[in-house]
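As structure tokens, the structure follows; a few thoughts come after it.
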Amino acid sequence: MRMHKGLYDCCGCTACENICPKHAITMQPDLLGFLYPRIDDKKCIDCGLCEKICSFSINYKQKCHCENQIVFAVRSRKKENLLKSQSGAAFFEFAKSFIKLGGIVYGASLDTDFVVKHIRVDTIAGLERLRLSKYTQSQLETIFQQVKKDLQNGIKVLFSGTPCQIAGLNSFISEKLRSLLTTIDVICHGVPSPSVWQEYIKYIGNKYGKIRCCIFRDKKFGWASHFESFIFCNGKTMSTRIFRDLFYNHLILRYSCYKCPFTNLERVGDITIGDFWGWSNISTEFNDNLGVSLVFINTERGQFLFNSTKPHILYIKSNVINCLQPQLQYPAPKHPKREQFEIDFNQRGFQYVAKQYGVIGFQYHLRRLLKNFVTLCDKVKWHIKIHC
């Protein structure tokens, strides 16, 4: 029995491709660059392993080892780490501790062509490539097989990824090898399109010059802000929110994100990390806009790594009620024009959809001007009210 997955039923984790004994499955991109399994009928022997290994369903909880969950607000003790990390630098500190314990780390990196890929890191210096958030789905390729090989060789592995990637890896790795594997799942808003990201990069490059490096969410504007920043080979810089707006409008997410079974407190990783939004309403500590990480300790393995990292972090115990956010309660809502956006992007390109769906051009600037005006009016009304 072979698998039959629709657009909403596949997260692209690659577990099926990696488990196939006949290499009958390859991951092929759709119009937005999201990868889906394609089966070669000539090679397939109907063994059913691909169907059996798929964990993108509500049944993943049967394999979830989440127990006695503990919630913390966490940040690095070093300001330089906060400035170079997306929120409170929790992942960097966990990963650094893991390497010091003799392990290796897998995580998402942005390569020189601005493609997000998972890579293997075995030095603390190499962790620099894993810093900061990357707002597009990462390419895994044969990473699961590399992780398995490391585990078989007795090497401890720390793997960081989205919940669906962690669930896929947990299904791929046998229970016997799991004792050497520690996982960190990130609180995920949904994975944006790799193809839209690449076309956006081309659009920025054609308009402003060759790009030397980019940051998905530039912290120089503050932890709570979200601007993409670019540094060009001519030395110039610029920041914008074009890709962010497409992302937040849910126009460019993978279809499976709209039916994600992992958007709850039943976490698949040994540790869960994310931004601790709303922390300023809970405590006066850490309120300097440098970032605070939300950390769930889900298993004994997660607790061991947390304990090993304690000398390098500041942490305050919290609870589930204080940290709830939409991504921990329900999937991202689908934009009503999601299908049409995909058609328009494929037929007319990035600049057309950016204007048509209101993230560049006159209509976009007019809408922002009106929004700022309404906000200003509300502030004036509030000041008049408290002084009268």
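Just so you know, all these numbers are worked out from the coordinates, no wet-lab data involved. Everything quoted here is computed from the prediction, not taken from an experiment. Cβ sites come from the backbone with ideal geometry, for glycine too, and all protein chains shown count toward neighbours.
Which value in nm describes the separation of the simple spin-label points at residue 224 and residue 68, placed 7 Å from the Cα toward the beta carbon?
Here the modelled spin labels are 3.6 nm apart.
For the chain, what class follows from the C-alpha gyration tensor (a ≥ b ≥ c being the square roots of its eigenvalues): rounded when a/c is under 1.5, otherwise prolate if a/b is larger than b/c, else oblate?
Oblate is the answer for the chain, as a/c is 1.5 or above yet b/c matches or exceeds a/b.
What is the Cα centroid distance between the stretch 133-208 and the stretch 98-123, reported in whole angstrom?
If we compute the Cα centre of each part, the gap is 10 Å.
Within 12 Å, Cβ to Cβ, of residue 32, how many net charges do the neighbouring residues add up to if Lys/Arg are +1 and Asp/Glu are -1?
-3
Is the stretch 244-308 rounded, prolate or oblate when judged by the Cα gyration tensor, a ≥ b ≥ c being the square roots of its eigenvalues, rounded requiring a/c under 1.5 and prolate requiring a/b larger than b/c?
oblate
Please give me, ordered by residue number, the GluC sites (Glu not before Pro) of the stretch 1-92 that lie in loop per DSSP and have at most 14 other Cβ atoms within 10 Å.
The qualifying sites are 67.
Give the residue list of trypsin sites (Lys or Arg not before Pro) in the stretch 163-267 that are DSSP loop and have at most 14 other beta-carbon atoms within 10 angstrom.
Filter output for the stretch 163-267: 210, 236.
What are the ³J(HN,Hα) couplings of the stretch 104-111, residue after residue, when phi is run through the Karplus curve with 6.51, -1.76, 1.60 and θ = phi - 60°? Round to Hz, x for glycine and proline.
3J(HN,Hα) across the stretch 104-111, in whole Hz: 10, 10, 10, x, 7, 10, 9, 7.
Using amide H atoms built 1.01 Å from N in the peptide plane, name the residues 5+ places from residue 159, or on other chains, whose amide H lies under 5 Å from its own.
Excluding prolines and chain starts, which carry no amide H, the hits are 106, 182, 183, 184.
Would you tally the net charge around residue 143, using a Cβ to Cβ cut-off of less than 12 Å, leaving residue 143 out, and scoring K and R as +1, D and E as -1?
+1
By what distance, in whole Å, do the Cα atoms of the stretch 216-270 stretch along each of the three principal axes, largest value first?
So the extents along the principal axes, rounded to whole Å, are 46, 27, 20.
Give the relative contact order (percent, whole number) for the chain; include only Cα pairs under 8 Å separated by 6+ residues.
21
About the Cα centre of the stretch 227-305, how large is the charge dipole given +1 on each Lys and Arg Cβ and -1 on each Asp and Glu Cβ? Please answer in debye to the nearest 20.
Roughly 400 debye for the stretch 227-305.
Using only alpha-carbon positions, what ratio does the radius of gyration of the stretch 4-110 give when scaled by 2.2 N^0.38 Å?
1.48
Would you calculate, for the chain, the mean residue ellipticity at 222 nm contributed by helices, counting each DSSP H stretch of 4 or more residues as -39,500 (n - 2.57) and dividing by all residues, to the nearest 500?
Taken over the chain, the calculation gives -9500 deg cm²/dmol.
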